[in-house]
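Since the structure comes first, as structure tokens, the remarks are kept for the end.
Values quoted throughout were computed directly from the atomic coordinates according to the rules given, and no laboratory measurement underlies them. No experiment lies behind these values; they were computed from the predicted model shown. Don't worry about glycine lacking a Cβ; one is built from the backbone with ideal geometry, like all the others, and counts go over all protein chains shown.
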Amino acid sequence: MIALPLAHALGAREDLPIPDWLFAWGAAVVLIVSFVAFSLAWHRARLESDGWRPVAPSLSRIVVNPVTEVLAGLVGVFLLGVVVWSGLNGTDDPTRNFAVTFVFVTVWLGMVALSLVFGDVFRAFNPWRAIARASGGVFRLVAGQPAPTPLTLPDRVGRWPAVVALAGFVWFYLVYGQAGFGAAGLDPHAVAVATLVYTAYTLAGMALFGVDRWLERGEMLSAYFGMFARIAPVEVRDGRLGLRRPLSGLSGWAVMPGSVALVLLAIGATTFDGAREGAIQGQITSVFDWMVDGGVGPLSALRLTNTLFLVAVIAFVAGLFWAGLAGMHSVEGSPPTKRLGRLFAHAFVPIALGYLVAHYFSFLIFQGQAQFTYLLSDPLGDGSDLLGTASAGIDYTLIGTHGIWYVMVGSLVAGHVVALAVAHDRAIDVYGDSQLAARSQYWMLALMVGFTSLGLFLLSQGN
Amino acid sequence: MQSRPIGVGIAIAAVIAAAVLFVVLREDEGTDPEPAPQATEQTTTGEQTTTEPADADQPAEPDEPRRPSLPTIVVRNGEPVGGVAELEVRRGDPVRFIVRSDVDEEIHVHGFDVYADVEAGARTRVEFPAEFDGIFEVEMHGSGTEIARITVQP
């Protein structure tokens with residue numbers, strides 16, 4: 001029998017599953033916190049208005065000004081160039097090539113962390129936005145008028161183009177990126193080519209539909225990081241830096257079609273990555289063996305199986321979500337289920353964040369060191385030493401397994417608490433300050449306890 | 001609007017409740033797993049913290065009567081016989097195993113970045129201290145085939 005490869009393409013270390021005692025404590029804390037939250041529930045919506053207030057103009061000008069804007073854009077474009085250059089010209093080894101760790105660790109995970117604290121920083125560094133704005137400026141100089149947008153992206157399309165692109169990214173990362181049977185996994189060359197393809201696609205989208213409209217609805221990284229940036233207490237509005245209530249930015253996030261899909265995709269993808277090496281490993285192996293026995297080549301069987309389970313896990317997550325909302329719909333005076341989805345999807349952003357931290361925290365901590373030591377000095381993996389850090393390695397003693405376990409469980413519990421608070425706030429707004437809001441929230445509580453328990457269960461099964 | 005502190009207060013109360021329980025939990029950790037550690041089958045000399053050099057790749061002598069049951073990973077036709085070997089130690093203990101392959105290979109222990117040259121037919125002993133915890137692969141560097149997984153318990 002052919003063994004199913006489980007190894008990650010990146011990252012030399014995997015986390016140990018959380019032990020039973022920690023699982024039990026985590027689950028107990030989730031239940032207790034939920035009931036505490038209920039008994040203390042407030043009666044007037046607190047997060048529906050964000051109370052955004054600009055900081056002192058001088059402070060704002062230091063952070064947001066034409067110079068920093070151009071500089072950030074240049075940094076973004078430069079790094080995009082380095083990804084393509086190192087991916088095409090560097091070593092085949094995913095762990096030794098700048099491109100892979102930069103895209104999947106530094107940006108994909110690191111930018112989420114930055115967004116949570118500083119707001120939508122990706123917007124400033126977004127290389128495609130910078131390119132589009134620069135070319136727009138040139139166009140205006142030459143033609144004397146702003147660049148036209150030949151096509152209109154209909155409102156009802158919402159964020160779906162970004163969701164579709166993000167699904168492609170997730171597939172590339174989790175399915176195509178799995179090494180085995182001759183496939184190199186996250187092959188740096190493929191990463192560079194995919195980056196170029198996505199660059200062309202994004203520039204075309206912005207040229208056809210307008211820069212800001214495409215950034216908001218079609219550009220997957222803007223949509224993804226923008227979702228988490230809604231949690232941050234910082235927002236730049238009309239060129240001015242300001243502070244708002246933490247979490248209040250979430251309230252208007254899910255209005256746009258496709259938002260529900262975006263947050264469910266984020267949760268589903270993390271769930272799949274956590275489950276495939278633990279909770280559903282046996283099932284994946286069975287389907288893989290069945291396919292190989294049926295004459296499918298091992299590599300095709302590997303990718304096909306992973307694709308099937310990725311879709312199935314996302315469908316499961318979506319099913320859980322909609323079942324909970326259908327239950328909520330049964331409360332009298334409730335809006336239709338579909339509208340409930342849009343009304344409450346933003347409350348699942350903290351859950352998605354909790355999942356993300358639980359599954360990728362140690363990966364970011366350890367593989368992130370590679371980025372800032374040897375990959376910075378030796379981006380191609382060819383033995384160069386630009387900054388003198390090429391021989392530095394990853395310090396795996398930085399945080400031990402116990403510390404990682406606490407972060408994992410803590411992030412799930414914290415995400416759960418915040419999600420409950422956000423959902424409760426919305427329920428007051430939707431149902432009015434009454435028992436109906438409370439009844440609707442029993443469904444929401446059940447749904448969120450379900451998600452958080454699932455997250456704990458995945459951690460206890462290895463990931 | 002005017003009594004926003006209540007909402008914030010509730011959120012903070014919930015977080016504090018979580019934090020308090022978390023501290024309880026942390027204390028629990030100190031007492032619970034220590035008296036009842038999981039069985040560490042591989043190393044019966046559990047308490048002995050090794051002071052041996054980190055990189056050990058001496059080709060082994062014919063046999064080692066001193067330590068009778070070192071786990072041996074046999075690689076035939078490029079695959080580990082009996083599937084990927086599972087090794088388990090506690091942090092601080094030495095990781096010890098023997099590799100026997102039917103071809104010349106270099107093996108690589110991920111994370112610890114221990115490399116060892118394996119000669120066809122010979123028994124190669126690998127030993128290094130498990131200085132940090134986690135799950136780490138052992139692979140054959142040439143083919144990339146995984147031959148063992150080392151679980152280092154905290």
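For labels at A:His43 and A:Ser135 in the simple 7 Å Cα→Cβ model, what's the distance in nm?
Once both label points are built, they end up 5.8 nm from each other.
Can you tell me the relative contact order of the range A:162-269? Whole percent, Cα pairs under 8 Å, sequence separation 6 or more.
Relative contact order comes out at 23 percent.
To the nearest Å, what is the center-to-center distance of the range A:185-214 and the range A:321-390, using C-alpha atoms only?
The distance from the Cα centre of the range A:185-214 to that of the range A:321-390 comes to 21 Å.
Between the range A:229-245 and the range B:121-146, how far is it from one alpha carbon centroid to the other, in angstrom?
49 Å
Taking the Cβ of A:Thr195 as the centre, find all other residues whose Cβ is under 14 Å away and add up their charges (Lys, Arg: +1; Asp, Glu: -1).
Summing Lys/Arg as +1 and Asp/Glu as -1 gives -2.
How do A:Tyr198, A:Tyr374 rank when sorted from fewest to most other Cβ atoms within 10 Å of their own Cβ?
Least to most surrounded, the residues fall as A:Tyr198, A:Tyr374.
Which value, in debye to the nearest 20, describes the size of the charge dipole of the range B:70-154 about its Cα centre when Lys and Arg Cβ atoms bear +1, Asp and Glu Cβ atoms bear -1, and nothing else is charged?
Taking the Cα centre of the range B:70-154 as origin, the dipole is about 340 debye.
How do A:316-328, A:377-389 rank on mean C-beta neighbours within 10 Å, highest first?
A:316-328, A:377-389
Of A:Ser49, A:His189, A:Leu299, which is farthest along the charge dipole of chain A in the positive direction, counting Lys and Arg as +1 and Asp and Glu as -1 at C-beta?
Towards the positive end, the residue furthest out is A:Ser49.
Over the whole of B:76-86, what's the average partner chain Cβ count within 10 Å per residue? Rounded to a whole number, please.
Mean shielding count: 1.
Length gain on complete extension for the stretch A:Asp93 to A:Val157, per 0.36 nm per residue less the alpha carbon to alpha carbon distance?
Stretched fully, the A:Asp93-A:Val157 segment lengthens by 19.1 nm.
Please work out how much length the chain gains when fully extended from A:Arg61 to A:Ser286, using 0.36 nm per residue of separation minus the C-alpha to C-alpha distance, in nm with one decimal.
75.1 nm
Let a ≥ b ≥ c be the square roots of the eigenvalues of the Cα gyration tensor of the range A:256-372; is it rounded (a/c under 1.5), or, if not, prolate (a/b larger than b/c) or oblate?
Oblate.
Residue by residue through the range A:291-302, which ³J(HN,Hα) values in whole Hz follow from phi under the Karplus form 6.51 cos²θ - 1.76 cosθ + 1.60 (θ = phi - 60°), with glycine and proline marked x?
For the range A:291-302, the Karplus-derived couplings read 5, 5, 4, x, x, 6, x, x, 5, 4, 4, 4 Hz, x marking Gly and Pro.
Can you tell which of A:Val236, A:Phe225, A:Ile280 lies farthest toward the positive end of the dipole of the range A:211-283, using +1 and -1 charges on the Cβ of basic and acidic side chains (Lys, Arg; Asp, Glu)?
Looking along the dipole axis, the top candidate is A:Val236.
If you count, for every residue in B:92-101, the Cβ atoms of partner chains within 10 Å of its Cβ, what is the mean?
0
With the Cα gyration tensor of the range A:1-141 giving a ≥ b ≥ c as the square roots of its eigenvalues, does the rule (a/c under 1.5 for rounded; else a/b larger than b/c for prolate; else oblate) give rounded, prolate or oblate?
Oblate, since a/c reaches 1.5 and b/c is not below a/b.
Can you list residues whose amide H is under 5 Å from B:Ile147's amide H, if they're 5+ apart or on another chain and H is modeled 1.01 Å from N?
Distant-sequence amide H within range of B:Ile147: B:Val138, B:Glu139, B:Met140.
Relative contact order for chain A using alpha-carbon pairs under 8 Å, separation at least 6, rounded to a whole percent?
Working: 688 pairs, mean separation 118.5, N = 463.
Answer for chain A is 26 percent.
Report the calculated FRET efficiency for A:Ala28 and B:Ile16 (r = Cβ-Cβ distance, R0 = 22 Å), to the nearest 0.05. All intermediate terms of the calculation are to be shown ahead of the outcome.
Values: r = 16 Å, r/R0 = 0.75.
The calculated FRET efficiency here is 0.85.
About the Cα centre of the protein assembly as shown, what is the dipole size in debye to 20, counting +1 per Lys and Arg Cβ and -1 per Asp and Glu Cβ, all else neutral?
3860 debye
Can you compute 3J(HN,Hα) from phi for each residue in the range A:181-187, using the Karplus curve 6.51 cos²θ - 1.76 cosθ + 1.60 with θ = phi - 60°, rounded to whole Hz and x for Gly and Pro?
Going residue by residue, I get 6, x, 7, 7, x, 6, 5 Hz, with x marking Gly and Pro.
Based on alpha-carbon centroids, what's the gap between the range A:414-451 and the range A:18-65 in Å, whole number please?
Taking the Cα centre of the range A:18-65 as reference, the centre of the range A:414-451 is 14 Å away.
Using Cβ contacts closer than 10 Å as the measure, can you line up A:Ser453, A:Ser411, A:Ser330 from fewest to most?
Ascending Cβ contact count within 10 Å gives the list A:Ser330, A:Ser453, A:Ser411.
Which residues in the range A:215-237 have a backbone N closer than 17 Å to a point placed 7 Å from the Cα of A:Glu69 along the Cα-to-Cβ line?
A:215-216, A:235-237
Which value at 222 nm does chain A reach when only helices count, each DSSP H run of 4 or more adding -39,500 (n - 2.57), with the total divided by all residues and rounded to the nearest 500 deg cm²/dmol?
-20500 deg cm²/dmol, from helical runs alone.
What shape does the range A:168-246 have by the C-alpha gyration tensor, where a ≥ b ≥ c are the square roots of the eigenvalues, rounded means a/c under 1.5, and otherwise prolate means a/b greater than b/c and oblate the rest?
Oblate shape, in that a/c is at least 1.5 and b/c is the bigger or equal ratio.
If you place +1 on the Cβ of every Lys and Arg and -1 on the Cβ of every Asp and Glu, how big does the dipole about the Cα centre of the range A:336-463 come out, in debye to the nearest 20?
Numbers: 5 positive and 7 negative charges, 165 e Å.
Roughly 800 debye, rounded to the nearest 20.
Averaging sequence separations of C-alpha pairs under 8 Å and six or more residues apart, then dividing by the length of the range A:366-438, give the relative contact order as a whole percent.
Working: 45 pairs, mean separation 14.6, N = 73.
Over the range A:366-438, the number comes to 20 percent.
Rounded to the nearest 0.05, what FRET efficiency do A:Ala204 and B:Val74 give with R0 = 41 Å and r taken as the Cβ-Cβ distance? Could you check?
With a Förster radius of 41 Å, E is 0.15.
Show me A:72-83, A:270-281 ranked by packing, highest mean number of other Cβ atoms within 10 Å first.
A:270-281, A:72-83
Ignore the peptide's own chain and count Cβ atoms of other chains within 10 Å of each Cβ in A:11-22; give me the average, rounded.
5
Residue by residue through the range A:193-202, what is 3J(HN,Hα) from phi via Karplus (6.51 cos²θ - 1.76 cosθ + 1.60, θ = phi - 60°)? Round to whole Hz and write x for glycine and proline.
These are the phi-based 3J(HN,Hα) values: 5, 4, 5, 5, 4, 5, 4, 4, 4, 5 Hz.
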